[in-house]
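Take a look at the structure below.
Just so you know, all these numbers are worked out from the coordinates, no wet-lab data involved. Please read all numbers here as calculations on a predicted model, not as lab measurements. Here the Cβ is made from the backbone with ideal geometry for all residues, glycine too, and neighbour counts use every protein chain on show.
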Amino acid sequence: MKVHIIGGGNLGVAIALGFSAFAPDVKLTITRRNTKSIEYLNDKGITVSGDNCHDIASADVILLTIKPYQAETVICEILPHISGKTVASAVSGLTLETLREFTGDHQPLVRIMPNIAAQFGASATCIAFDAKFKTQADEVINLFQKVGTAPVIDEKLMDAATVLGACGTAYALRYIRASMQAGIEIGFDSQTALAIASQTVKGAAQMLLEENVHPEQLIDRVTTPQGCTIVGLNEMEHEGFSSSLIKGIKTSLQKIKG
Ligand SMILES: NC(=O)c1ccc[n+]([C@@H]2O[C@H](COP(=O)([O-])OP(=O)(O)OC[C@H]3O[C@@H](n4cnc5c(N)ncnc54)[C@H](OP(=O)(O)O)[C@@H]3O)[C@@H](O)[C@H]2O)c1
């Protein structure tokens, strides 16, 4: 399998590094206009190029990890070389319908919404496609299952997936940062506070994923009646913890939808 990633920025590089680590059989090319900052990827066996069409004819899957306003130009540039090849687009807000306007009806198209944890095999990559391209989409699903989970969703939820699964990385990191700041206030040096906060979040997420239960069931196991956890939790809720998160997620969604 050969994967050609166009857009060697934050997401493109994270995916390239993820495939390189967890799908070593996949041959990778990654492109951007200014290649200097990603030339180190050559040392990992990833071909870096400033030419979007470099060896694209031998690719099986083309991944688009460029900004929305760059998509039309890039697609027009590569279109003469990608007949019949699967194009998987991670471009936020770019619908299959708009992609089809650029490529025509016969190009196999898949929408993906990964996050930068793909680099560590831990992305939640939501995937949507038209039924007629199921075979090609299955290939993309298999690929992204190597760097995390790859749930198939209805395309109309793609913007919501962008917020929950991609922007969500930033929300989770901000939670960790706040915990770290509190950890310093209650006595830890910053590195120790960060290590404890990060591992605690990882552990909480791991329990949820492995036990497949509602978060409150696990919270019940941590909250002793009249104990220190419940008073802290309730204080956070009085200050709008859940409410501010929900409002923030809805605000991000409004921004995507324009
Ligand atoms: N970052 C995330 O966590 C994340 C998660 C999910 C989805 N996304 C989506 O993924 C896309 C990329 O996001 P990002 O955060 O990775 O942005 P980014 O860091 O700005 O990366 C975009 C890359 O595209 C390259 N580029 C621009 N024009 C190009 C062209 N004509 N040909 C080839 N490469 C070109 C840019 O490099 P040069 O200027 O050197 O060409 C840049 O490295 C966006 O649509 C975003 O919404 C991002």
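Results, tabulated for the structure shown:
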{"item": "Amide proton proximity set for I30, modelled H, under 5 Å, gap of 5+", "result": "I5, T47, V48, S49"}
{"item": "Rounded to 5, the percent of DSSP beta bridges in the chain classed as antiparallel", "result": "15"}
{"item": "Debye, to nearest 20: dipole size of region 88-135, +1 on Lys, Arg Cβ, -1 on Asp, Glu Cβ", "result": "140"}
{"item": "Value of relative contact order over the chain, rounded to a whole percent, pairs C-alpha under 8 Å and six or more apart", "result": "14"}
{"item": "Share, in percent, of DSSP beta bridges within region 2-153 that are antiparallel, nearest 5", "result": "15"}
{"item": "FRET efficiency, K202 to S244 (Cβ-Cβ, R0 22 Å, nearest 0.05)", "result": "0.45"}
{"item": "Residues in region 6-49 reached by a label modelled at D60 [backbone nitrogen below 20 Å; 7 Å Cα→Cβ]", "result": "6, 15-31, 45-48"}
{"item": "The chain - Rg over Rh from alpha carbon coordinates, Kirkwood radius", "result": "1.03"}
{"item": "Å³ per residue enclosed by the Cα convex hull of region 2-153", "result": "95"}
{"item": "Mean separation of Cα contacts under 8 Å, 6 or more apart, over the residue count of region 1-141: relative contact order %", "result": "23"}
{"item": "Per-bin percent of Cα-Cα distances, region 85-238 [10 Å]", "result": "10, 29, 28, 18, 11, 4, 0"}
{"item": "Estimated [θ] at 222 nm from DSSP helical runs (n ≥ 4, -39500 (n - 2.57)) normalised by residues in the chain, nearest 500", "result": "-14500 deg cm²/dmol"}
{"item": "Kirkwood Rh (inverse of mean 1/r, distinct Cα pairs), region 160-257, angstrom", "result": "15.2"}
{"item": "Residue with peak Gaussian network fluctuation, the chain [Cα springs, cutoff 10 Å], from A160, A117, A170", "result": "A170"}
{"item": "Unit charges at the beta carbon, dipole of the chain: most positive-side option, I15, L157, A195", "result": "I15"}
{"item": "Candidate lysines - alpha carbon under 21 Å from K255, same-chain residues fewer than 8 apart omitted", "result": "K67, K156, K247"}
{"item": "Test item: Cα-centred dipole of region 2-153, Lys/Arg +1 and Asp/Glu -1 on Cβ, debye", "result": "260"}
{"item": "Net length gained if the chain between E185 and C76 were fully extended (0.36 nm per residue, minus Cα distance)", "result": "33.8 nm"}
